[in-house]
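These notes are about the structure you will find just below.
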Amino acid sequence: MTVQIQKYKMLIGGEWKDSSNSAVSSILDPSNNEVVAEVPRATKQDAKTAIESARTALDSAGWVDIDPSKRGRLLTKLTGLVRENSEQLARLETLSEGKTLRESKGDVAWAARAFEYWAGLADKVEGETIPVPPKRLNYTLREPLGVTVHIVPWNYPIALAARSLAPAIAAGNTVVMKPSEITPLTSIILGDLALKAGIPKGVVNIVTGSGAEVGGALVSDPQVDGIVFTGSAETGKQVMESAAKNVTRVLLELGGKNPHIVFPDADLARAGKSVRDGIFTNAGQMCWAGSRAFIHENVYDSFVKDLVAKTRAIKVGPGTDETSEMGPLASKSRQDVVLGFVKDGLEEGASLLCGGKRPTDPRLQKGNFVEPTIFENVNGQMKIGCDEIFGPVLSVTKFKTLDEVVTMANETDYGLYGGVWTSNLKVAHELAARLQVGGLAVNEYLVTFPQTPFGGYKDSGIGHENGIRSLEFYTRTKNVSINLS
């Protein structure tokens with residue numbers, strides 16, 4: 001059956017436009033690598049035009065003078081439109097990224113909740129009065145940061161677009177968003193829904209193109225006031241270097257090599273499901289993936305035996321198939337990288353317990369599939385033990401004492417997230433204090449809401465997304481001191 005290729009445009013200054021040189025990029029379905037859509041392949045000039053449009057909108061009376069409560073009402077309308085179009089958004093997410101429809105529907109629901117949360121906060125961005133020596137009034141104003149650039153990754157396109165777009169608008173900023181060149185479709189639809197919600201032209205701009213050309217132009221432009229980047233630590237450092245030349249503020253959410261720790265007093269059935277879901281959801285393509293599982297020696301053998309059996313039973317298939325439990329990797333290059341890590345693990349002496357190859361099902365041969373994979377006998381010096389794989393590859397390790405597992409868990413350059421399973425609150429609180437991570441879930445995994453801060457330690461990033469704390473990035477604080485004498 002011939003698939004009809006959908007053609008999209010990008011949003012600049014409230015108008016739908018092609019690339020200035022008419023170039024296009026093909027969007028592939030990762031389950032079979034067939035072309036499903038075409039989008040403009042923007043140029044550096046297109047990036048510059050989008051920034052100028054955002055700057056014009058920022059200074060326009062229709063945005064700068066808007067009542068904050070109206071910004072909230074616009075976001076409320078956008079929330080409703082996201083929910084009304086949830087089926088279309090979920091299918092586009094799965095079609096371009098590969099994850100299962102069940103996961104995509106959850107991502108769309110999370111995005112709607114993010115817009116809803118920030119709609120309620122839009123008119124609650126407050127300053128403060130500060131006690132100072134007599135006959136003076138001292139107070140602060142919280143003002144929009146300005147033009148913000150949002151580099152959205154390919155693994156959670158709609159959720160991570162909403163996570164930064166919503167607070168930026170709520171705080172009164174204008175936005176230039178560059179989605180990943182392989183998963184731009186839901187960001188384009190979000191731009192359309194923003195216009196339909198009544199958000200003024202130029203406030204939201206969506207530019208599609210490569211990270212090297214368009215992304216590089218956006219993060220190095222001196223007219224940009226803030227950069228929100230989610231992606232690899234290596235690219236994040238490059239973004240930070242470009243931003244430093246213009247003293248541009250950055251918010252970075254980068255990689256993870258996250259520990260999942262299971263004690264013998266835990267609910268082991270729930271822990272097993274959580275460890276499995278924490279690495280094989282979205283085919284492991286998550287910065288928060290629990291890619292290292294540390295299991296106490298008293299339950300290690302039985303826990304791992306059950307984990308391997310249930311992992312082998314996971315049904316791998318196209319995300320559009322409602323019966324699939326794990327979809328493909330997002331691109332052929334990702335498949336090659338993940339299989340390369342498997343090869344490295346075997347060469348470095350790790351023991352492969354299951355998976356580690358492409359599925360043999362002939363119906364899956366055209367797609368970017370990799371079997372759910374588990375290794376043991378892994379240490380922190382091996383590539384699979386220290387590098388972010390970003391695929392369905394789990395390392396399981398036996399531990400004896402709390403001190404030992406803390407040392408192993410912290411033996412990484414990353415510090416994004418972690419999970420602990422125990423019925424002992426003393427142990428839970430001690431690990432919460434000692435693990436070098438920006439977030440920790442106890443007796444569940446992963447837990448993040450629009451109202452809870454999400455950010456990392458070490459090479460996992462700078463600053464926080466989500467929650468009122470993120471206003472520290474999206475606003476500037478001005479101090480006013482008035483002498484009343």
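The values are calculated or read from the model by the stated rules, or taken from the named source; none is laboratory data. Small disclaimer: the values here were computed from a predicted structure and weren't measured. Every residue, glycine as well, gets a Cβ built from its backbone with ideal geometry; the counts of neighbours run over all protein chains shown.
With respect to residue 31, determine if the residue is in a loop (DSSP other than H, G, I, E, B), small (Gly, Ala, Ser), surrounded by 15 or more Cβ atoms within 10 Å (Cβ to Cβ) and within 26 Å of the chain's Cα centre (by Cα).
When the stated conditions are applied, residue 31 passes them.
Over 16 Å from the mean Cα position of the chain (by Cα), crowded, with 23+ Cβ neighbours inside 10 Å and more than 28 Å from residue 97 (Cα to Cα): does that describe residue 405?
yes
Residue-wise test of (1) over 22 Å from the mean Cα position of the chain (by Cα); (2) closer than 28 Å to residue 342 by Cα.
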| residue | (1), (2) |
| --- | --- |
| 381 | yes, yes |
| 393 | no, yes |
| 413 | no, yes |
| 423 | yes, no |
| 433 | yes, no |
| 444 | no, yes |
| 447 | no, no |
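If you take the residues of segment 34-51 that are surrounded by 23 or more Cβ atoms within 10 Å (Cβ to Cβ) and of a type outside the set (Val, Ile, Thr), which of them is farthest from residue 181 (Cα to Cα)?
Here the answer is 50.
Pick out, from segment 333-409, the strands (runs of 3 or more DSSP E) lying fully within it that include 1 or more residues that are of a type in the set (D, E, K, R).
Details: elements: 351-354, 373-376, 393-399.
Fully inside segment 333-409 and qualifying: 373-376, 393-399.
Quick one: in segment 171-211, which of the residues that are touching an Asp or Glu at 6+ places or on another chain (Cβ under 6 Å) and closer than 23 Å to residue 31 by Cβ is surrounded by the fewest Cβ atoms within 10 Å (Cβ to Cβ)?
Once the filter is applied, the top-ranked residue is 183.
Residue 315 passes all but one of (1) surrounded by 15 or more Cβ atoms within 10 Å (Cβ to Cβ); (2) in contact with a Ser or Thr (Cβ under 7 Å, 6 or more places away or on another chain); (3) of a type in the set (D, E, K, R); which number fails?
Residue 315 satisfies every listed condition except (1).
Every residue in segment 284-318 that is of a type in the set (D, E, K, R) and within 15 Å of residue 374 (Cβ to Cβ), please.
The answer is 292, 301, 305, 306, 310, 312.
For segment 322-342, does any single residue satisfy the condition of being at pLDDT below 95 and outside the structural domain of residue 233 (by TED's automatic domain parsing)?
Yes.
Output the residues belonging to segment 75-134 that are touching a strand residue (DSSP E or B) at 6+ places or on another chain (Cβ under 9 Å), more than 28 Å from residue 25 (Cβ to Cβ) and either of a type in the set (Val, Ile, Thr) or not assigned by TED's automatic domain parsing to the domain that holds residue 155 (or both).
Those that are touching a strand residue (DSSP E or B) at 6+ places or on another chain (Cβ under 9 Å), more than 28 Å from residue 25 (Cβ to Cβ) and either of a type in the set (Val, Ile, Thr) or not assigned by TED's automatic domain parsing to the domain that holds residue 155 (or both): 125, 129, 130, 132.
Residue 161 - would you say it is of a type outside the set (S, T, N, Q), closer than 21 Å to residue 73 by Cα, modelled with pLDDT of 95 or more and over 14 Å from the mean Cα position of the chain (by Cα)? Give the derivation first.
Working: of a type outside the set (S, T, N, Q): yes; closer than 21 Å to residue 73 by Cα: yes; modelled with pLDDT of 95 or more: yes; over 14 Å from the mean Cα position of the chain (by Cα): no.
Spelling it out, it is not the case that residue 161 is of a type outside the set (S, T, N, Q), closer than 21 Å to residue 73 by Cα, modelled with pLDDT of 95 or more and over 14 Å from the mean Cα position of the chain (by Cα).
Just for strands (runs of 3 or more DSSP E) wholly inside segment 224-274: which have at least 1 residues that are over 18 Å from residue 470 (Cα atoms)?
It comes to 259-262.
Is there any pair linking a residue in segment 437-464 that is touching a residue at least 24 places away in the same chain (Cβ under 8 Å) and buried (at least 21 other Cβ atoms within 10 Å of the Cβ) to one that is among the aromatic types (Phe, Trp, Tyr) and outside any strand (DSSP E or B), with Cβ under 7 Å and at least six apart or on different chains, and which?
Close Cβ pairs (under 7 Å, with a partner that is among the aromatic types (Phe, Trp, Tyr) and outside any strand (DSSP E or B)) amount to 450/117.
So, residue 436, is that one in contact with a strand residue (DSSP E or B) (Cβ under 7 Å, 6 or more places away or on another chain), assigned to a loop (DSSP other than H, G, I, E, B) and in the same structural domain as residue 336 (by TED's automatic domain parsing) or not?
Details: in contact with a strand residue (DSSP E or B) (Cβ under 7 Å, 6 or more places away or on another chain): yes; assigned to a loop (DSSP other than H, G, I, E, B): yes; in the same structural domain as residue 336 (by TED's automatic domain parsing): yes.
Criteria met by residue 436.
Under 6 Å between Cβ atoms, at least 6 apart or on separate chains: pull out the pairs that start in segment 362-381 with a residue that is farther than 22 Å from residue 304 by Cβ and end on any residue that is modelled with pLDDT of 95 or more and assigned to a helix (DSSP H, G or I).
Pairs that qualify, where the first residue is farther than 22 Å from residue 304 by Cβ and the partner is modelled with pLDDT of 95 or more and assigned to a helix (DSSP H, G or I), are 368/332; 368/335.
Restricting the search to segment 122-162, which residues are in contact with a Pro (Cβ under 9 Å, 6 or more places away or on another chain) and in a loop (DSSP other than H, G, I, E, B)?
Residues satisfying the conditions are 122, 123, 124, 125, 152, 153, 154.
Does segment 74-90 include one or more residues that are in contact with an Asp or Glu (Cβ under 9 Å, 6 or more places away or on another chain) and loosely packed, with under 13 Cβ neighbours inside 10 Å?
No, segment 74-90 has no match at all.
Here are some conditions: (1) under 29 Å from residue 328 (Cα atoms); (2) part of a loop (DSSP other than H, G, I, E, B); (3) polar (S, T, N, Q). Residue 94 meets all but one. Which one does it not meet?
With (1) under 29 Å from residue 328 (Cα atoms); (2) part of a loop (DSSP other than H, G, I, E, B); (3) polar (S, T, N, Q) applied to residue 94, the lone miss is (2).
Any residue that is buried (at least 21 other Cβ atoms within 10 Å of the Cβ) and assigned to a loop (DSSP other than H, G, I, E, B) - is there at least one of those in segment 111-121?
Scanning segment 111-121 turns up no residue that is buried (at least 21 other Cβ atoms within 10 Å of the Cβ) and assigned to a loop (DSSP other than H, G, I, E, B).
Can you find even one residue in segment 315-328 that is part of a helix (DSSP H, G or I), within 25 Å of residue 377 (Cβ to Cβ) and touching a strand residue (DSSP E or B) at 6+ places or on another chain (Cβ under 7 Å)?
no
What are the pairs, 6+ residues apart or on separate chains, where a residue within segment 60-89 that is within 19 Å of residue 125 (Cα to Cα) has its Cβ under 6 Å from a residue that is of a type outside the set (Ser, Thr, Tyr) and surrounded by fewer than 15 Cβ atoms within 10 Å (Cβ to Cβ)?
From segment 60-89, the pairs are 74/198.
Test of understanding: among 20, 86, 104, which residue is small (Gly, Ala, Ser) and closer than 30 Å to residue 225 by Cβ?
20
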